[in-house]
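Comments concern the structure below.
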Amino acid sequence: MFTASGQTPSAQTGKHPFTAVDWAALHSASAAAVAPDGATILWKATWGGPKGPSIDEWRLIAADGTNQRKLDLPEHFTPYGFTKDGAALYGSYEVNKLPQFAVFPLAGIRKTTTPSLLVALPAGIRLAVLSPDGSRFALLASPKPPDELADVHTIVEPDLTSLYVVGADGAGGRWWCPDLQNIAGAIAWAPGGASLAVASATPNIGYHSIHSFIDVCTAEGARRIAEIPNAASGIAWGSGGKELVFLSTTTSVLTPDHVWTVPASGGTPVDRTPKLDGSAMALAHDPHGKVWVLVDRGVQNEIDSFNDGALNTAFRWPAGHFAATPVFSEVAAGPDQLAMVVGDPTHSRNLAVPSSQGELRKITTEGDEQIAKMELGPVRAVHWTSKEGIALEGIATFPAGYSEGRRYPFLVLPHGGPEGNDLLELDAFARVVAGLGYVVLQPEYRGSTGYGSDFLEAIYQHFGDRAYRDVDSATDFAIAQGWADPNKLAIFGWSAGGFMTSWTVTQTPRYRAAIEGAGITDWASFMWTSDIQQFDYDARWPEKDPAPFLEFSAAFHASQVTTPTLILHGAADERVPTYQGREFFEVLAANGKTTRMVTYPGSPHFPRLWEQRLDVFHEVAAWLARYNP
């Protein structure tokens, strides 16, 4: 038996299944920077609680895993990295509600010490990167002054991001290449530190197509290297500064998934990984000229090096994943010490470093103390072939005390994105639902990363048929395996997974309970009202022919729904505006369907406050207990 609050502790072990409260208390780690001498790593431990936002605690640890210590940083100071001599941290410090550029000494630091403000820009800063020689910082910031009437009105116009360069002592600051006003968050210092590679893109507002641009920027101005008729992300210098490396794609869904290069002198970009059977998701280059690429390969990923136009596997984490590309010292004179963040289905994310033999070794143990008190069911990567002959992969999470051959309540959990994937990690959504006694299956449907460009692009203009059939085939598979009780089926998803949930219940009555979180339910209006361009789904113009968009809009098929449907949505969601959930709720209610809507005040696309996150799973558990007991 299970209840809305979870299963009872095991009499044999004294442990209990994973709950939402456990998720809130669970510690995890992320890496920020490596000191110039390579001996120390700056990292952050994060956890939640019964209410409020997550707690971040900044720490230092020696690269060999010893000498860990907490940093008592001032409130509102967020460190980005180490200064050239390693004696201070640089980062952002909030002044008059704006993040400004500041440094903070490590020697004798006290929480009451005020950081030294190096630069105060009219609209604050968004990013800072130290040059390889340590003499300058490149800052990303808006060149526009803040609106003096921001408390009175909001002006809807493209956001601007430009490049500001300042000396390490705060002197000589000026805007570089002021004509570049739509920098897409990707900049990289050249090996000598005299110039920067800059990736920019067309603004989100006022364009119906996405073009990307690569420039080399100096104090004298910008030199256009390439224009890419698609999306691009990341930027790095390769081949000793002779070429620029970035991620882009040839697919209609726009998600950058291949590694491309262009000569630093300018020319035609070339796809260096045209036959990649995975997806290149992020890249970075260290000051020693090495380019690192995070590559999704199914439900696992790896860190590859990019040399001589080819990817080569550098690091894998057995039965788990990497959270990001490696971090390293930004100063070229230092050693090439790397730090990575790894995780797996039974451990939180933690720091790992390469050993002298090249193997990775974890040096932090965040979350282990909490997890030792839990009884976790097994997690498996599984494979099946759908009725259409599509080879699919997914992650199955089983309840604590799972007994082979017994059928359990079942929930299919499609991921968001949709151009994303599920990785072998301690997934809170899957673990909380499994803690209620469910078998949970996360299907990597067409449109997911990790399976090559053809698989990724297959969702374009097909988000309501191909992807839906793949998700529903996961339920067929779970029943065929003997895991799922065919009379106790449920579906739950957030964002694109929320769309998949709302659409699924218009297509089949097989599910007894559905939970739709922040899902798209009316495509025609969504395309123009999300805070980012969403033409990766369908670049046609809804106002010229709404029929294709209405075809897959759940709000226009609500009369077909028979499944009790819970709708959860952030009241301040700009990614999938709240009216999407409200429209679906209203039309379901008007059609006499069983439905409930819960919104979270001030919440963006997913709640940041833990009392709201905990309430999400209180609602989920109560809905499942009532309609899929």
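Scan the strands (runs of 3 or more DSSP E) fully inside the range 174-221 and keep the ones with 3 or more residues being loosely packed, with under 15 Cβ neighbours inside 10 Å and either touching a strand residue (DSSP E or B) at 6+ places or on another chain (Cβ under 7 Å) or in contact (Cβ under 8 Å) with a residue 60 or more places away in the chain (or both). Before the answer, list the steps.
Numbers: elements: 174-176, 183-189, 196-201, 212-218.
The strands (runs of 3 or more DSSP E) meeting that bar number zero.
For the subset of the range 285-299 comprising residues that are part of a strand (DSSP E or B) and more than 30 Å from LEU392 (Cβ to Cβ), which member is most open to solvent (accessible area, probe 1.4 Å)? Before the answer, list the steps.
The first filter runs over the range 285-299 and keeps only residues part of a strand (DSSP E or B), leaving 285, 291-297.
When the remaining residues are screened for being more than 30 Å from LEU392 (Cβ to Cβ), the result is 285, 291.
On the way: HIS285: 40, VAL291: 4 Å².
The qualifying residue most open to solvent (accessible area, probe 1.4 Å) is HIS285.
Before we move on, is TYR451 aromatic (Phe, Trp, Tyr), part of a loop (DSSP other than H, G, I, E, B) and at negative phi?
Working: aromatic (Phe, Trp, Tyr): yes; part of a loop (DSSP other than H, G, I, E, B): yes; at negative phi: yes.
Judged against the criteria, TYR451 is a match.
Determine, yes or no, whether ILE491 is part of a strand (DSSP E or B), among the β-branched types (Val, Ile, Thr) and touching a helix residue (DSSP H, G or I) at 6+ places or on another chain (Cβ under 8 Å). Before the answer, list the steps.
Details: part of a strand (DSSP E or B): yes; among the β-branched types (Val, Ile, Thr): yes; touching a helix residue (DSSP H, G or I) at 6+ places or on another chain (Cβ under 8 Å): yes.
Yes; evaluated as a whole, the condition is true for this residue.
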Handout entry: Flag for PRO132 being modelled with pLDDT of 95 or more and in a loop (DSSP other than H, G, I, E, B)
Key = yes
Exercise for the section: Go through the residues of the range 500-510 one by one and say whether even a single one is polar (S, T, N, Q), surrounded by fewer than 24 Cβ atoms within 10 Å (Cβ to Cβ) and in a loop (DSSP other than H, G, I, E, B). Expected result: yes
Practice task
Would you please list the contacts, defined by Cβ atoms under 8 Å and residues six or more apart or on different chains, that run from a residue in the range 454-475 that is under 23 Å from LYS275 (Cβ atoms) to a residue that is among the aromatic types (Phe, Trp, Tyr) and modelled with pLDDT under 95?
Solution key: ILE459/TYR537; TYR460/TYR537
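Give the residue, chosen from THR261, THR202, that is over 24 Å from TRP541 (Cβ atoms) and among the hydroxyl-bearing types (Ser, Thr, Tyr). Give the steps one after another, and end with the answer.
Numbers: THR202 fails: over 24 Å from TRP541 (Cβ atoms).
The unique qualifying residue is THR261.
Condition check ((1) in a loop (DSSP other than H, G, I, E, B); (2) surrounded by fewer than 15 Cβ atoms within 10 Å (Cβ to Cβ); (3) of a type in the set (D, E, K, R)) across all residues:
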{"residue": "TRP541", "(1), (2), (3)": "yes, yes, no"}
{"residue": "THR563", "(1), (2), (3)": "yes, no, no"}
{"residue": "LEU566", "(1), (2), (3)": "no, no, no"}
{"residue": "GLU574", "(1), (2), (3)": "yes, yes, yes"}
{"residue": "PRO577", "(1), (2), (3)": "yes, no, no"}
{"residue": "GLY581", "(1), (2), (3)": "no, no, no"}
{"residue": "PHE584", "(1), (2), (3)": "no, no, no"}
{"residue": "LEU588", "(1), (2), (3)": "no, no, no"}
{"residue": "SER603", "(1), (2), (3)": "yes, no, no"}
Handout entry: the range 361-410 - residue that is charged (D, E, K, R) and not in a loop (DSSP other than H, G, I, E, B) and, of those, surrounded by the most Cβ atoms within 10 Å (Cβ to Cβ)
Key = GLU393
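Table: residues versus (1) at pLDDT below 95; (2) not in a strand (DSSP E or B).
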position: PRO53; (1), (2): no, yes
position: GLU57; (1), (2): no, no
position: ILE61; (1), (2): no, no
position: LEU73; (1), (2): yes, yes
position: TYR90; (1), (2): no, no
Handout entry: Residue within the range 106-123 that is closer than 23 Å to ALA201 by Cβ, assigned to a loop (DSSP other than H, G, I, E, B) and under 28 Å from the mean Cα position of the chain (by Cα) present
Key = yes
Completion exercise
For ASP257, the lone unmet condition from (1) touching a Ser or Thr at 6+ places or on another chain (Cβ under 9 Å); (2) open to solvent by 30 Å² or more (accessible area, probe 1.4 Å); (3) acidic (Asp, Glu) is (2)
Completion exercise
Taking the range 125-173 and the residues there that are without any contact (Cβ under 8 Å) to a residue 12 or more places away in the chain and of a type in the set (D, E, K, R), the one that is farthest from GLY221 (Cα to Cα) would be ASP151
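Looking at ALA324, ALA314, ALA332 in this structure, which one is part of a loop (DSSP other than H, G, I, E, B), surrounded by fewer than 23 Cβ atoms within 10 Å (Cβ to Cβ) and modelled with pLDDT of 95 or more?
ALA324
Quick one: which of ALA63, ALA29, ALA39 is open to solvent by 30 Å² or more (accessible area, probe 1.4 Å), farther than 24 Å from LEU118 by Cβ and touching a Gly at 6+ places or on another chain (Cβ under 9 Å)?
Details: ALA63 fails: open to solvent by 30 Å² or more (accessible area, probe 1.4 Å); ALA29 fails: open to solvent by 30 Å² or more (accessible area, probe 1.4 Å).
Checking each option against the conditions leaves just ALA39.
Can you say whether SER131 is surrounded by fewer than 16 Cβ atoms within 10 Å (Cβ to Cβ) and over 30 Å from ASN350 (Cβ atoms), as far as the supplied structure shows? Working first, answer last.
Numbers: surrounded by fewer than 16 Cβ atoms within 10 Å (Cβ to Cβ): no; over 30 Å from ASN350 (Cβ atoms): yes.
Judged against the criteria, SER131 is not a match.
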Handout entry: Failed criterion for GLY343 (all others in (1) open to solvent by less than 20 Å² (accessible area, probe 1.4 Å); (2) outside any strand (DSSP E or B); (3) among the small types (Gly, Ala, Ser) hold)
Key = (2)
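In this structure, does ARG446 turn out to be in a helix (DSSP H, G or I) and surrounded by 24 or more Cβ atoms within 10 Å (Cβ to Cβ)? Spell out how you get there, then give the answer.
Details: in a helix (DSSP H, G or I): no; surrounded by 24 or more Cβ atoms within 10 Å (Cβ to Cβ): yes.
It is false that ARG446 is in a helix (DSSP H, G or I) and surrounded by 24 or more Cβ atoms within 10 Å (Cβ to Cβ).
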Practice task
Restrict the check to the range 97-107 and report whether at least one residue is touching a Lys or Arg at 6+ places or on another chain (Cβ under 6 Å) and basic (Lys, Arg).
Solution key: no
Fill in the blank from the handout: Only one of GLY221, GLY172 is over 24 Å from ARG540 (Cα atoms) and in contact with a Cys (Cβ under 8 Å, 6 or more places away or on another chain), namely GLY221
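The values are calculated or read from the model by the stated rules, or taken from the named source; none is laboratory data. No experiment lies behind these values; they were computed from the predicted model shown. Every residue, glycine among them, receives a Cβ derived from its backbone with ideal geometry; neighbour counts consider all protein chains shown. With ligands, DNA and RNA removed, areas are computed over all heavy atoms of the protein, side chains included. Shrake-Rupley method; radii C 1.70, N 1.55, O 1.52, S 1.80 Å.
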